[in-house]
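The values are calculated or read from the model by the stated rules, or taken from the named source; none is laboratory data. Just so we're clear, the structure is a prediction, and the values are computed from it rather than from any experiment. Positions of Cβ are generated from backbone atoms using ideal geometry, with glycine treated the same way; all protein chains shown enter the neighbour counts. The area values use the complete protein model at the heavy-atom level, side chains included, leaving out ligands, DNA and RNA. Shrake-Rupley method; radii C 1.70, N 1.55, O 1.52, S 1.80 Å.
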Amino acid sequence: MTPDSLRAALRGVPDPDWLDEALRQVAAEPTAIARLFAAVGRRCGRAALPDAPGWTADDAARVLLLTALPGEHASYAESLYQHGDAAERRAVLRALPLLPIGAAGVPLLHDAIRTNDTRLIAAALGPYARHLDPAAWRQAVLKCVFSGVPLAVVADLETRADGKLAGMLAALTAERHAAGREMPADATDLLDRLTAALPREA
């Protein structure tokens, strides 16, 4: 999603004038974002957005506030994440790929992946996860399997999944089968695809 598409999807929020004014305030006075970020759920609602599948109004509005900042995006993102509740943290994670911060937000991904909050884990594995190194990314995919997060949320899964991830999934499968537990169907399907793509031994 782009800021423009999120703005269009938010046309039906309960208080569009408040959001317009909040965006102007953040652009003119960046420190206002701390107060406005916390007020978004109350002023814009938390309903799902029909024109932005997978997004809620508070998610989208908070992302727009972050993109409206005139600068210091990384420091504001870190502060809002560290001091925010779960919904605010999720919005920061979803904003990262839209901010001009390079890899500066990677520590926030590591923090989210360490939690047991499936919403944060899912948000951390979006497009910005391209900044995770291969080892950390593989571990994050395994965390999705452990936590019950659908692998469909993992950006670039088909292009980044490799033989090492296949080995990790195979080991987890064996461990679970030994304990009488099943693997999630999407993880089994991924392992099957990766195994089929591996070169066969002579």
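How far, in degrees from 0 to 90, does helix 33-44 lean away from the longest principal axis of the Cα atoms of the chain, to the nearest 10?
90
Order 198, 65 by their accessible area, 1.4 angstrom probe, all chains in place, largest first.
Accessible-area ranking of 198, 65, largest first: 198, 65.
Tell me, what is the Rg over Rh of the chain, with Rh the Kirkwood radius over Cα pairs?
Ratio value, two decimals: 1.05.
Remind me, relative contact order of the chain in percent, using alpha carbon pairs under 8 angstrom and six or more residues apart?
Relative contact order here is 14 percent.
What is the magnitude of the charge dipole of the chain about its Cα centre, with +1 placed on the Cβ of each Lys and Arg, -1 on the Cβ of each Asp and Glu, and no other charges, expressed in debye to the nearest 20?
For this selection, approximately 240 debye.
For segment 1-100, max minus min Cα coordinate along each principal axis, in Å, sorted largest first?
32, 24, 23
Could you tell me what percent of the accessible area of the chain is made up of carbon and sulfur, with a 1.4 Å probe and every protein chain present?
Its accessible area is 54 percent carbon and sulfur atoms.
With a Förster radius of 22 Å, plug the Cβ-Cβ distance of residue 17 and residue 39 into 1/(1 + (r/R0)^6) and report the FRET value to the nearest 0.05.
Efficiency, rounded to the nearest 0.05: 0.95.
Please tell me the relative contact order of segment 98-184 in percent, rounded to the nearest whole number, where contacts are Cα pairs under 8 Å and at least six residues apart.
Value for segment 98-184: 24 percent.
To the nearest 500 deg cm²/dmol, what mean residue ellipticity at 222 nm is calculated for the chain from DSSP H runs of n ≥ 4 alone, each contributing -39,500 (n - 2.57), summed and divided by the residues?
Mean residue ellipticity at 222 nm (helix-derived): -19000 deg cm²/dmol.
Can you give the longest stretch of the chain with no exposed loop site, where a site means trypsin sites (Lys or Arg not before Pro) in a DSSP loop (not H, G, I, E or B) with at most 14 other C-beta atoms within 10 Å?
It runs 47-180.
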